[in-house]
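The values are calculated or read from the model by the stated rules, or taken from the named source; none is laboratory data. Note that this is a predicted model, so its numbers are computed, not measured. Note: ideal-geometry Cβ built from the backbone for every residue, glycine included; neighbour counts use all protein chains shown.
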Amino acid sequence: MTKTIIGLDKLKSEKLVEELNLLLANFQLYYQNLRGLHWNIKGKNFFELHAKFEELYTDSQMKIDLLAERVLTLQGEPLHTFEDYMKIGSVPIGKSISKDEEAITLVLNSLTELLKIERDILETSDDANDEGTNSMMSDFIVEQEKTVWMLNAWLAG
């Protein structure tokens, strides 16, 4: 069995790199959606949502960097073109959204998709005995589940 530089099974790591690149692509699309929402939101909830979308895109930007660096740690190459992102991305794309409930729904649908991918990665990383990726996915999941709960509470109001 061939090992990576960090001692993981090379074949299992290659599978993880593929899944992490899928998540990276989707995070890039999610990030771009959040930028658009931040710029285009209108209405009585403008100040609240403008700040929230900035918080979310700043957090996403950090996660994107963590994902790319994890891919590199696993001896893979992170995807880095929008062509690649669009080809494999599955989060919904939001265009010209300025209404608050439509914007929050887009974020919720995106987070739901990201959570699915992260849970798949968690299974793969567990099988590969990759605690680094496991820990990262667990942290992402806990944080995003809380955000889903809060955004759903906002929609219910």
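For residues in the range 5-42 being among the aromatic types (Phe, Trp, Tyr) and surrounded by fewer than 22 Cβ atoms within 10 Å (Cβ to Cβ), which is nearest to residue 116 (Cα to Cα)? My answer is 31.
Within the range 52-74, is even one residue aromatic (Phe, Trp, Tyr) and under 19 Å from residue 145 (Cα atoms)? Yes, because at least one residue in the range 52-74 is aromatic (Phe, Trp, Tyr) and under 19 Å from residue 145 (Cα atoms). Given the criterion β-branched (Val, Ile, Thr) and closer than 19 Å to residue 126 by Cα, identify the matching residue among 6, 41. Unique residue meeting the criteria: 6.
Going through 89, 76, 157 one at a time, which residue ends up being at pLDDT below 95 and on the phi < 0 side of the Ramachandran plot? None of the others qualify; the one that does is 157.
For the range 53-95, a residue qualifies if it is under 15 Å from residue 29 (Cα atoms), in contact (Cβ under 8 Å) with a residue 60 or more places away in the chain and touching a Gly at 6+ places or on another chain (Cβ under 9 Å), and exactly one does: 94. Which of the residues that make up the range 96-108 are in contact (Cβ under 8 Å) with a residue 24 or more places away in the chain and outside any loop (DSSP other than H, G, I, E, B)? Matches in the range 96-108: 100, 101, 103, 104, 105, 106, 107, 108. Within the range 129-148, residues that are in contact (Cβ under 8 Å) with a residue 24 or more places away in the chain reach partners that are outside any helix (DSSP H, G or I) and not acidic (Asp, Glu) with beta carbons closer than 6 Å, at six or more positions or on different chains, in the pairs 130/8.
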